[in-house]
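The values are calculated or read from the model by the stated rules, or taken from the named source; none is laboratory data. Owing to the predicted nature of the structure, the values given are computational and were not obtained by experimental measurement. Backbone-built Cβ (ideal geometry, glycine too); neighbour counts: all protein chains shown. Areas reflect the complete protein model, heavy atoms only, side chains present, ligands, DNA and RNA absent. Shrake-Rupley method; radii C 1.70, N 1.55, O 1.52, S 1.80 Å.
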Amino acid sequence: DPELTRTCPPSVTANSGFDAFSHALESYTSGATDPMSDVLALRAIELIASNLKQACDDGSDVERRTKLMQASNFAGMAFSNTGVHFGHAFGHQLGGHFGIGHGLSCAYTLGEVARFGAEVSPQRGRDIAKAMKLCVPENATGSEIGEILADAIYDMMRYCGVPSMKEKNFGREECIGLAQEAIDTNPFYYNTPVPVSVEEFQTLIGKMWDNYQ
């Protein structure tokens, strides 16, 4: 019932929205995709990209909140089938280590999950960009598509007031040091579209810290 969310502060709205975004994004870039989940995940991404900023601006906008709750539902069904992967693995570990909410911890992973997914599968990156209504040159490489996606996601996070890990006083090396624990305690980590070693995961975490400031 979207009426029950009218009084959520903007930070709660933002973090909940980015949590749903992470469910959809990791579902669509997982190693176990399926056609039904693809439809649900992309629709969830489209709804979040089109409505989250406005819902953060005006908590009384029930139409926007309705669409975000639909997105959350669709994303939940999508990842229930496909699972999530390294974004949630780090999100779980980061949240537990620093005592922050799950939505915020997952938000920090979004840009690099999108970048990684587009590099592995440029077509899936294009699909995500289309859902977010982003312009992608016809001849863009996977890396270029990933850059477009990450930039747009980070812009959305800034607009919604998400503080960076640096602003939260989370040390860069301390965050990178969570990689092995994240792998050991989150078996779905191995649901990545291609294998990611602990060293590669450490590099990805460093990028999460560096690229959202």
Take the alpha carbon atoms of the range 1-40, find their center, do the same for the range 141-213, and report the distance between the two centers in whole angstrom. 18 Å
Among (i) 1.16; (ii) 0.94; (iii) 1.04, only one was calculated for this model; which label is it, if the read-out is Cα Rg over 2.2 N^0.38 Å? (ii)
Around Phe79 (Cβ within 12 Å, Cβ-to-Cβ, excluding Phe79; K/R +1, D/E -1) the net charge comes to -4
Could you compute how much accessible surface Met69 exposes when probed at 1.4 Å, giving the result in Å² to the nearest 10? 80 Å²
Averaged per residue, the 1.4 Å probe accessible area of the chain, protein heavy atoms only, in Å², is roughly 44 Å²
Of Lys67/Lys168; Lys53/Lys168; Lys133/Lys166; Lys166/Lys207, pairs whose Cα-Cα distance is over 19 Å: Lys67/Lys168; Lys53/Lys168; Lys133/Lys166
Around Glu119, with a cut-off of 11 angstrom between Cβ atoms, what is the net charge of the other residues, counting Lys and Arg +1 and Asp and Glu -1? -1
Sorted by accessible surface (1.4 Å probe, heavy atoms of the protein chains only), largest first, Glu167, Glu147, Glu112 come out as Glu167, Glu147, Glu112
What nm value, rounded to one decimal, do you get for the distance between Lys207 and Met77 when each label is placed 7 Å out toward the C-beta? 3.2 nm
Net length gained if the chain between Tyr159 and Phe98 were fully extended (0.36 nm per residue, minus Cα distance): 19.6 nm
Helix-only [θ]222 nm of the chain, DSSP H runs n ≥ 4, -39500 (n - 2.57) each, per residue, nearest 500: -22000 deg cm²/dmol
Mind listing the phi-derived Karplus ³J(HN,Hα) values for the range 154-161, rounded to whole Hz, using 6.51, -1.76 and 1.60 with θ = phi - 60°, and x for any glycine or proline? 5, 4, 5, 4, 4, 4, 7, x
Name the residue, out of Pro122, Pro163, Pro195, whose mean-square fluctuation peaks in a Gaussian network model built on the chain with Cα pairs under 10 Å. Pro195
Applied in sequence order to the range 115-131, the curve 6.51 cos²θ - 1.76 cosθ + 1.60 (Karplus, θ = phi - 60°) yields integer Hz couplings, x standing for Gly and Pro, of 4, 4, x, 5, 5, 6, 9, x, 5, 5, x, 4, 4, 5, 4, 4, 5
Keeping all protein chains in the complex and leaving out DNA, RNA and ligands, what accessible area do you get for Glu174 with a 1.4 Å probe, in Å² to the nearest 10? 90 Å²
Computed FRET value (nearest 0.05) for Asp151 with Thr185, which takes r as the C-beta separation and R₀ as 22 Å: 0.10
Residue-by-residue Karplus 3J(HN,Hα) for the range 29-34, coefficients 6.51, -1.76, 1.60, Hz, glycine and proline x: 10, 7, x, 9, 5, 9
Mind checking the full-extension length gain between Gln54 and Glu200? Use 0.36 nm per residue of separation minus the Cα-Cα distance, one decimal, nm. 49.0 nm
Other-chain or far-sequence residues with amide H under 5 Å of Ala140's (modelled H): none
What figure, in Å² to the nearest 10, do you get for the accessible area of Thr185 with a 1.4 Å probe and non-protein molecules left out? 90 Å²
